[in-house]
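To start, the structure itself, in structure tokens.
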Amino acid sequence: AKYDYLGTLKFMIYGTSQFGDVMITDLKTDSSGNILLSTWGNSTLDFFDAKQDIYTLNNGNGGHIVKLTANGEFIEAIQLKGASINQFHLDSQNDIYLLGGGSQTLEVFDWSTNTLIDTYNVSSLSS
């Protein structure tokens with residue numbers, strides 16, 4: 001949720017998961033004022049933005065970095081299938097550094113168009 005300085009609710013973001021809770025594990029803002037959340041959920045994660053648009057992140061168990069505008073509207077998401085994101089860091093270039101666990105596949109999606117951008121085998125990246 002985002003509130004203004006008077007305590008007025010500006011928007012609320014929430015997610016639902018088929019087999020359990022959705023957890024937000026970290027939150028940051030980038031140099032443009034966009035909001036980034038790291039999340040974790042079981043099965044299908046339905047994510048509702050400030051306009052009440054629904055974005056479904058299908059992944060089994062896994063983590064995500066979800067990027068929103070300062071007004072809470074969905075921009076994009078990065079999905080980690082079979083892995084978790086405990087926290088993340090943004091550098092001065094808005095590059096994202098992830099801390100988590102797992103040895104599966106990193107899939108980068110443009111969720112606004114439901115398009116797979118790229119897939120990385122995480123275990124081969126560490127070799």
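The values are calculated or read from the model by the stated rules, or taken from the named source; none is laboratory data. Note that the structure is a prediction, hence the values are computed from the model and not measured.
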Selection within the stretch 34-64 - farther than 19 Å from residue 87 by Cα and modelled with pLDDT of 85 or more
none
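Could you please find all residues in the stretch 65-97 being at pLDDT below 80 and farther than 10 Å from residue 36 by Cα? Before the answer, list the steps.
So in the stretch 65-97, the residues at pLDDT below 80 come out as 77-86.
Those that are at pLDDT below 80 and farther than 10 Å from residue 36 by Cα: 78, 79, 80, 81, 82, 83, 84, 85, 86.
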